[in-house]
Amino acid sequence: MPLPSTGPTQPPPGVTTRPGVVVPSPSEATGTRFIRVLLPGERPGVVLEGETIRAWGVDGRLAAEAAGRVTLSAVGERIRWNGSRLLGESLDVAGSPNLRVGNRKVAGRVRLLARRGELLAVAVEPFESYVAAVVSREAPPRFHPEALAALAVAARTYAVGAAAKPRDPAYDVVAGVEDQVFDGMDAVAAVFREAADRTRGLVVRYRGELARTVYHSTCGGRTEDAGSAWGKDVPYLRAQFCDDCADSPVYRWEYRMSEAEGRRVAGAFGVPPGKDLRITVAGRSPTGRASRVRISSGGVSRELQAAEFRKVAGYAKVRSLKMEIVPIAGEWRFTGEGWGHGVGLCQFGANGMARRGAGFREILARYYPGTEIGGEAP
Ligand SMILES: [Zn+2]
């Protein structure tokens, strides 16, 4: 049986500001694509700010309107508007001239969904605005435009792949490190928007498939094989020599692990720390990075993945696994090179290459060898 008509879905005349129906902003060409980004949860409700805030229900009708600020919360499967009216389970909200959600400025509209008493806020962002915002969190604005362009292509490639396999029916990606960090549009300088605009729609492919365009801050002289880092070989994520990141502030680093900190880490791995606590590198990958770390004390010895050790010790302290550990008077001196897992594109290396005159295509070809750059549609 055919479904009955649900009635008019067009907004009444005069309601021309409905998001999705509105004319896109001038910087967005027709056919703008969007990515749905789940914003971090807030308690007790989501605060929206804008000069004018309008909300539409799933039927396309204007459901509520406010000026300045509203707080929304979920009551079961319904949304409470400013502590009073109960609306439906889903709202599309737009703000003029723009909308702030919590402390983030968004470029597009926001979809709010009540789910079992929890309110989800999903920013529906124009794709290229999202790419620019992600790159702005990954690289400083002083980076060379070609390095920023290479990063924009890498970030877009990830986003296109994520949008093709959404995390949830209601959103494609989350705003945090589980995907790519999205902090809104506030600190997105013009150089980042230009990097996205210049490379609009370009992605990295390997044999026609979207590539896994992973990147890291500084490789410290040589990138890492995906196989060594994650146990699974990827043909275009192979170790490359990189002499272009030498001016990175973390090309070389040092960290002094205190006795107390060493005891904490040992305990976290189930080794009761005594006076004879030892922390040593127990195995290395072909590029010289630690692959295994051994922690031993009082006859208990544990060998673990170096990546696990780094996670527990702290990514900002043990900055990479390209490291040596030297015991000094009850403490440990870590000296190392680079920052991050070392796989894929080296950001400071990309910047160094760009300063030597390389374009973003050359940069991507170096760190993702064997890949091709093309438009989104295969
Ligand atoms: Zn490098």
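The values are calculated or read from the model by the stated rules, or taken from the named source; none is laboratory data. Not measured: the values here are computed from a predicted model. Here the Cβ is made from the backbone with ideal geometry for all residues, glycine too, and neighbour counts use every protein chain on show. When the accessible area is computed, the model is the full protein with side chains, heavy atoms only, and any ligands, DNA or RNA have been set aside. Shrake-Rupley method; radii C 1.70, N 1.55, O 1.52, S 1.80 Å.
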Using eta = 0.890 mPa s and T = 25 °C, Stokes-Einstein with Kirkwood Rh from Cα pairs puts D for the range 133-224, in µm² s⁻¹, at 175
Here the relative contact order (percent) of the chain, from C-alpha pairs under 8 Å and at least 6 apart, is 15
Whole-Hz Karplus couplings 3J(HN,Hα) for the range 317-328, θ = phi - 60° and coefficients 6.51, -1.76, 1.60, Gly and Pro as x, run 9, 8, 6, 8, 9, 7, 8, 10, 10, 10, x, 9
For A64, the residues 5 or more places away or on another chain with a placed amide H closer than 5 Å to its own amide H are A55
With a 1.4 angstrom probe the carbon and sulfur portion of accessible area for the chain, in percent, totals 52
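Keeping every protein chain in place, order W339, W56 by accessible area at 1.4 Å, biggest value first, i.e. largest first.
The residues order as W339, W56, largest area first.
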Relative contact order in percent for the range 63-134 (Cα pairs under 8 Å, 6+ apart) equals 27
By the Cα gyration tensor axes a ≥ b ≥ c (a/c under 1.5 gives rounded; else a/b larger than b/c gives prolate, otherwise oblate), the shape of the range 33-83 is rounded
Ranked output for segments 217-228, 157-168 by mean other Cβ atoms within 10 Å, highest leading, reads 217-228, 157-168
Full extension between D243 and A190 adds, at 0.36 nm per residue less the Cα distance, a length in nm of 16.2 nm
Calc'd 3J(HN,Hα), the range 182-194, phi into Karplus 6.51 cos²θ - 1.76 cosθ + 1.60 (θ = phi - 60°), Hz, glycine/Pro = x, comes to 10, 10, x, 9, 4, 9, 8, 5, 4, 4, 6, 5, 5
Diffing the range 167-181: the Karplus 3J(HN,Hα) column from phi (6.51, -1.76, 1.60, θ = phi - 60°), in whole Hz with x for Gly and Pro, holds 5, 7, x, 8, 8, 8, 9, 9, 7, x, 5, 4, 10, 10, 5
Between the Cα axis of helix 127-138 and the main Cα principal axis of the chain, the angle (0 to 90°, nearest 10) is 30
Summing -39500 (n - 2.57) over every DSSP H run of at least 4 residues in the chain and dividing by its residue count gives a helix-only mean residue ellipticity at 222 nm, to the nearest 500 deg cm²/dmol, of -6500 deg cm²/dmol
Taking every alpha carbon pair in the range 335-375 and sorting the distances into 5 angstrom bins from 0 up to the bin holding the longest one, the percent per bin comes out as 6, 21, 28, 20, 16, 6, 2, 1, 0
So, with points 7 Å from each Cα along the Cβ direction, the E261-A170 label distance in nm works out to 4.0
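Sorted by mean Cβ packing within 10 Å, highest first, what order do the peptides 131-139, 186-194 take? All intermediate terms of the calculation are to be shown ahead of the outcome.
Values: 131-139: 25.3, 186-194: 16.4.
Top to bottom by mean Cβ count within 10 Å: 131-139, 186-194.
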Rounded to the nearest 10 Å², the 1.4 Å probe accessible area of F348 is 30
Expected unfolding gain across V177-V75 under the 0.36 nm per residue rule, minus the alpha-carbon gap, is 33.8 nm
Over the chain, with neighbouring protein chains present, the accessible area per residue in Å² at probe 1.4 Å is 48
Non-local residues with an amide H under 5 Å from the amide H of T52, with H modelled 1.01 Å from N and Pro and chain starts lacking one, are G68, S96
Cα extents of the range 262-352 per principal axis, largest first, Å, are 47, 23, 19
Quick calc: nm separation of the 7 Å Cα→Cβ label points for S84 and A268 -> 5.0
Looks like the chain, by Cα gyration tensor root eigenvalues a ≥ b ≥ c and the a/c under 1.5 rounded cutoff (else prolate when a/b is bigger than b/c, oblate otherwise), is prolate
